[in-house]
């Protein structure tokens, strides 16, 4: 999830499902691809942003979920469940992004609670909601208040 220190969240609208908003998502290119490399690659592919220029954090959170039937054709035959690893990319302020036109139609930066309400995926919405305590925890550790 791409966000700012003041909890603005980048959401992108899927081209194959207009009205479906999400954060950056993606898959490993190879089974042994490091997760952080996958996250950085997907950020670049879907937004044009370079993760190394910002703060990429592994949230050390993994969930498994059932793949929507309409998207199972993207996976190997018989695969019905997916494992999701959560990462956050903190940027200093909302930035313009370059979308992959075959994947996404438009983007918007929203306050975190509004972004969570707009996410079509419940796991994506949960990740956005966790941003509140994750950033507050980071700020509290630094002596700052959100």
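Tell me which of these residue 129 doesn't satisfy, since it passes every other one: (1) touching a strand residue (DSSP E or B) at 6+ places or on another chain (Cβ under 8 Å); (2) part of a helix (DSSP H, G or I); (3) closer than 18 Å to residue 5 by Cα.
Evaluating residue 129 over (1) touching a strand residue (DSSP E or B) at 6+ places or on another chain (Cβ under 8 Å); (2) part of a helix (DSSP H, G or I); (3) closer than 18 Å to residue 5 by Cα leaves (1) as the failure.
Could you please find all residues in the range 54-69 being at pLDDT 85 or above and either under 14 Å from residue 127 (Cα atoms) or surrounded by 10 or more Cβ atoms within 10 Å (Cβ to Cβ) (or both)?
Result: 54, 55, 56, 57, 58, 59, 60, 61, 62, 63, 64.
Kindly indicate whether residue 9 is part of a helix (DSSP H, G or I), closer than 25 Å to residue 133 by Cα and either free of Cβ contacts under 8 Å to residues at least 40 places away in the same chain or touching a helix residue (DSSP H, G or I) at 6+ places or on another chain (Cβ under 8 Å) (or both). Even if it seems obvious, please write down each step before you answer.
Values: part of a helix (DSSP H, G or I): no; closer than 25 Å to residue 133 by Cα: yes; either free of Cβ contacts under 8 Å to residues at least 40 places away in the same chain or touching a helix residue (DSSP H, G or I) at 6+ places or on another chain (Cβ under 8 Å) (or both): yes.
Against the criterion (part of a helix (DSSP H, G or I), closer than 25 Å to residue 133 by Cα and either free of Cβ contacts under 8 Å to residues at least 40 places away in the same chain or touching a helix residue (DSSP H, G or I) at 6+ places or on another chain (Cβ under 8 Å) (or both)), residue 9 does not qualify.
I'm trying to understand the selection: among the residues of the range 80-119, which are touching a helix residue (DSSP H, G or I) at 6+ places or on another chain (Cβ under 9 Å), over 19 Å from residue 51 (Cα atoms) and in a loop (DSSP other than H, G, I, E, B)?
Selection gives 80, 103.
Might you let me know whether the range 5-28 holds any residue that is exposed (fewer than 15 other Cβ atoms within 10 Å of the Cβ) and closer than 18 Å to residue 95 by Cα?
yes
Give the residue that is surrounded by the most Cβ atoms within 10 Å (Cβ to Cβ), with candidates limited to residues of the range 81-113 that are free of Cβ contacts under 8 Å to residues at least 40 places away in the same chain and within 21 Å of residue 5 (Cβ to Cβ).
113
For residue 72, only one of the following conditions fails: (1) modelled with pLDDT under 90; (2) surrounded by 12 or more Cβ atoms within 10 Å (Cβ to Cβ); (3) not in a helix (DSSP H, G or I). What is its number?
(3)
Could you check the range 24-55 and list, in sequence order, the residues that are under 24 Å from residue 113 (Cβ atoms) and either touching a helix residue (DSSP H, G or I) at 6+ places or on another chain (Cβ under 6 Å) or free of Cβ contacts under 8 Å to residues at least 24 places away in the same chain (or both)? Steps first, please.
Taking the range 24-55 and keeping what is under 24 Å from residue 113 (Cβ atoms), we get 24-25, 39, 43, 46-47, 49, 54-55.
Result: 24, 43, 49.
The values are calculated or read from the model by the stated rules, or taken from the named source; none is laboratory data. If you're wondering where the values come from, they're calculated on a predicted model, not measured in any experiment. We place every Cβ from the backbone using ideal geometry, glycine too, and count neighbours over all the protein chains shown.
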